[in-house]
Amino acid sequence: MKKLFQKNTETVDLNRRSFMISTATAGLVMAFAPAIFSGELSAKESIAQQSFSPTIWWTMNPQGEVVVSIAKAEMGQHVGTALARIVADELECDWDKVSITYVDTHEKWGYMVTGGSWSVFQSFKPLSQAGAAGRLALIDAGANMLGVKPEQCHASKGRIIAGDKSLSYADIVKNGEFNRTFSSEEIAKLPLKPANKRHLTGLNQDFKALDIPAKTNGTAVYGIDVELEGMVYARPVIPPTRYGSEVTQVDDSAAKAIKGYKGFEILNDPSSTVQGWVVVLADNYPSAIKAGDALKVTYKKGQTANVTEADIQSLGEKLCNDNNAGTLFVNEGDTAKMQAEAKQSLASLYTTATASHYQLEPLNAVAEFKQGKWIIHTGNQWQSLTLPALASALEVEQNNVIIRPYYLGGGFGRRLFGDWTVPAALTAKAIGKPVKLVFTRADDSLFDQSRSASTAKLTASFNENGELSAMEHAFAAGWPTKAMAPGFLSPGVDGKGKFDSFSASGADHWYSMDNHRARAINNELAQSTFTPGWLRSVGPGWIVWSLESFIDEIAHKQGLDPVEFRLSMLDGKGKQAGKAPESVGGALRLNAVLKKLSAKVANVKLGENEGIGFSVSSGQERHMPAWIATAAHVHVNKNDGKITLKKLYAVVDAGLIVHPDGALAQLEGSLLWGTSLALHESNNYQNGQVAATNFNTYLPLRMQDVPDMDIEFVQSDEFPMGLGEPGVIGVAPAIGNAVYNAVGVRLRHLPMKPSELKAGLST
């Protein structure tokens with residue numbers, strides 16, 4: 001992978017920067033102007049002196065080849081391809097001449113994070129503008145060379161054309177003059193291409209991801225592939241509790257008999273990221289594995305050494321039943337008044353088990369001290385969150401730490417906060433040599449940032465006519481943001497307290513309800529037992545499970561068709577109308593995909609004990625909605641309680657689809673993960689740790705249980721939304737609703753177990 005380096009320490013503010021375009025030794029360079037741009041230096045002089053602020057968006061060499069800089073992590077979602085296509089479409093260059101480079105951590109790249117389905121959503125506007133600015137600069141230079149006015153020219157697939165005359169981008173870069181600066185005001189007014197002029201983005205395009213060859217021919221480099229001369233291998237010994245464990249004694253007498261064993265280190269971490277850690281050292285990894293198993297470590301255990309899953313769930317239920325617990329996330333109308341006046345009510349409790357990430361590539365990092373800098377080689381999703389922890393642990397300034405990027409063998413939220421890099425760095429510091437720390441699958445499982453077990457209580461109130469008059473939604477879990485990024489906690493709508501919005505999103509749904517209250521509650525026992533993690537779809541994955549199942553319950557109680565009931569509330573009125581640019585059309589777009597889905601499955605023939613269930617979801621966060629309607633076709637075996645998912649249907653409106661092949665892969669992957677979480681995955685806590693530490697006991701979706709899938713994208717030219725998370729969200733409630741329609745049993749716990757279904761059939 002190519003690397004680009006510049007010397008600058010400014011942080012990017014995308015909204016207040018100017019663009020500069022000029023030639024340099026490498027060809028044409030597109031970069032940000034300095035934060036304070038005096039105009040004393042021209043664009044050409046600034047770029048030549050590397051006095052730009054900070055980011056090189058893209059370069060074009062004298063052959064017309066374009067390299068787009070990618071500050072996002074690649075973990076199978078082909079993010080580099082999607083972002084490069086945004087630039088290349090507006091730049092109007094030849095896709096065959098486009099490549100990408102992943103960049104090291106540096107403030108010049110701005111805030112570096114890959115998660116939350118943010119990449120395309122947050123990058124679309126600035127990258128489109130960067131491409132458009134380049135196109136205009138090339139038109140100006142080409143027009144000058146052709147002896148015509150810029151308005152007489154247009155760009156098309158790597159050429160500037162004026163009537164019957166044209167020049168290639170390569171000719172212009174070789175011979176043209178570039179010295180162009182775009183102010184922030186000019187950038188805001190740049191004419192972006194209309195949808196009908198796009199040649200690289202949209203549903204009708206069929207371009208394969210740029211990284212496919214490397215991933216199929218073995219040349220792709222993952223973090224676990226890194227080897228450095230003179231490095232020592234290391235493996236951690238995971239303490240009995242995530243917090244508070246202290247090492248009292250280490251006996252390595254058995255480990256000394258292992259060939260290649262080089263000793264151990266008891267880590268002292270000033271950042272408190274890892275507590276009570278011992279790391280074994282060896283000159284090869286197999287020996288490190290054996291030595292870790294042979295080492296006998298005695299601990300003073302932390303306070304959560306006896307915590308169980310049942311303890312966490314019990315507290316969650318207690319908190320949800322406490323009307324004073326938590327922070328108000330939604331508070332509309334007068335829910336309390338409607339509850340007091342209600343003629344009828346309906347209350348249900350929904351729960352989910354602890355779930356693990358189990359990404360294919362176990363955690364790993366190589367740490368080295370070189371030329372006064374700490375260099376960390378690893379695949380990391382949130383470099384800007386990991387860097388401060390590393391700097392604190394190493395007791396150095398943050399600008400003395402660099403994270404080198406590599407492909408990630410799966411992330412799914414586990415590789416956001418790179419806590420595993422800290423013990424690698426501390427070990428390297430202790431022994432004065434490069435260290436490669438690799439976790440076994442069991443180590444990875446025990447140190448995982450699990451998706452917290454969750455509890456949700458929903459209460460519906462009905463007026464004298466039997467109509468829904470109010471709904472309250474209380475939900476409790478461990479909060480990832482509180483554990484790892486507390487500065488991102490949000491204030492409650494009543495100004496009292498703060499909450500984790502990532503663990504509350506989904507409760508702020510797009511249904512029109514006059515009286516609606518939602519309370520986000522932190523389960524402090526979960527919080528103190530482990531580091532709750534962001535797992536694909538984060539909060540909506542379990543919150544919408546309860547919401548969409550309960551919406552079905554309400555419909556059935558009223559004797560209404562669940563689809564028609566949803567459609568009646570997806571009216572796009574008031575706050576549900578949406579706003580430009582991200583949610584134009586609002587709930588009416590969710591209404592539209594549900595109608596399309598309902599029509600699609602209307603003629604499906606159902607056998608005995610079969611049913612179809614529906615759900616709707618709007619992406620991970622309300623301010624960046626991907627509108628999805630999901631339907632599940634299931635068969636239930638009444639004898640053993642087994643649920644067979646025969647087929648999943650999804651109709652998706654995610655605005656402009658930048659990379660259709662990647663979008664389809666994202667939806668396929670997320671639908672299957674949603675299925676896995678719905679029917680299979682759980683990892684209960686016992687004695688302060690997860691019980692399942694490998695795939696022989698942790699049982700995700702197996703190949704024989706993969707359903708057929710029918711995925712349809714709606715043609716749209718609206719602002720593009722992310723698709724990494726949204727597909728997960730609607731699967732579980734669609735399956736649960738289908739089971740109810742098939743055999744009349746309402747399941748309220750994930751994963752949905754045959755034993756619970758059989759118990760429901762017997763009552």
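Values quoted throughout were computed directly from the atomic coordinates according to the rules given, and no laboratory measurement underlies them. None of the values given here were measured: they were computed from a predicted structure. Because the Cβ atoms are built from the backbone with ideal geometry, glycine has one as well, and the counts that use them run over all protein chains shown.
Among Arg519, Arg85, Arg441, sorting on how many other beta-carbon atoms sit within 10 Å of each Cβ, with the fewest leading, yields Arg441, Arg519, Arg85.
Let a ≥ b ≥ c be the square roots of the eigenvalues of the Cα gyration tensor of the chain; is it rounded (a/c under 1.5), or, if not, prolate (a/b larger than b/c) or oblate? Oblate. Run down the lysines and flag those whose C-alpha is under 18 Å from the C-alpha of Lys638, throwing out any fewer than 8 positions away in its chain. Lys638 reaches Lys646, Lys753, Lys758. The stretch between Asn306 and Asn684, if pulled fully straight at 0.36 nm per residue, gains 134.8 nm over its current Cα-Cα span. Centroid-to-centroid, using Cα positions, the stretch 694-748 and the stretch 233-282 are 41 Å apart. Spatial offset of the stretch 414-430 relative to the stretch 508-541 amounts to 29 Å, using the alpha carbon center of each.
Computed over the stretch 636-716, the P(r) curve from all C-alpha pair distances, binned at 10 Å from the origin, holds 15, 36, 27, 18, 4, 0 percent per bin.
Taking Lys and Arg as +1 and Asp and Glu as -1, the other residues whose beta-carbon sits under 12 Å from that of Pro434 total +1.
Could you please rank Val29, Val87, placing first whichever residue has the fewest other Cβ atoms within 10 Å of its Cβ? Spell out each step's value before the answer.
Working: Val29 23, Val87 27.
So the residues, fewest neighbours to most, are Val29, Val87.
Restricting the stretch 544-633 to trypsin sites (Lys or Arg not before Pro) that sit in a DSSP loop and have at most 14 other Cβ atoms within 10 Å of their own Cβ leaves Lys573, Lys579, Lys605. Applying D = kT/(6 pi eta Rh) to the stretch 314-431, where Rh is the Kirkwood radius over alpha-carbon pairs, T corresponds to 4 °C and eta to 1.567 mPa s, the Stokes-Einstein value obtained is 71 µm²/s. Paramagnetic label reach from Ser348 (point 7 Å along Cα→Cβ; backbone nitrogen cut-off under 18 Å): within the stretch 699-733, residues 729-733. Among the lysines of the stretch 565-624, pairs at least eight places apart or on separate chains and with Cα atoms under 28 Å apart come to 9. When the trypsin sites (Lys or Arg not before Pro) in the stretch 219-268 are filtered for DSSP coil states and for at most 15 other beta-carbon atoms within 10 Å of their beta-carbon, the remaining sites are Lys259. Number of Lys-Lys pairs in the stretch 140-296 with C-alpha atoms under 24 Å apart and a separation of 8 or more places or on different chains: 24. By the combined test of axial Cα extent (at least 24 Å) and Kyte-Doolittle hydropathy (mean at least -1.0), the qualifying DSSP H helices of the chain come to 118-146, 540-558, 660-679. In terms of surrounding Cβ atoms within a 10 Å radius of their Cβ, Trp277, Trp118, Trp545 rank from fewest to most as Trp118, Trp277, Trp545. Over the stretch 19-217, the pair-distance histogram of Cα-Cα distances with 10 Å bins from zero comes to 9, 36, 38, 15, 2 percent, rounded to whole numbers. Label-to-label distance, Asn196 versus Lys596, with points set 7 angstrom from Cα along the beta-carbon direction: 2.0 nm. Helices in the chain, meaning DSSP H runs of at least 4 residues, each add -39500 (n - 2.57). Divided by all residues, the mean residue ellipticity at 222 nm is -9000 deg cm²/dmol.
At a Förster radius of 30 Å, what calculated FRET efficiency corresponds to the Cβ-Cβ distance of Ala254 and Glu524, to the nearest 0.05? Intermediate results must be reported in sequence, preceding the final value.
Values: r = 39 Å, r/R0 = 1.31.
It comes out at approximately 0.15.
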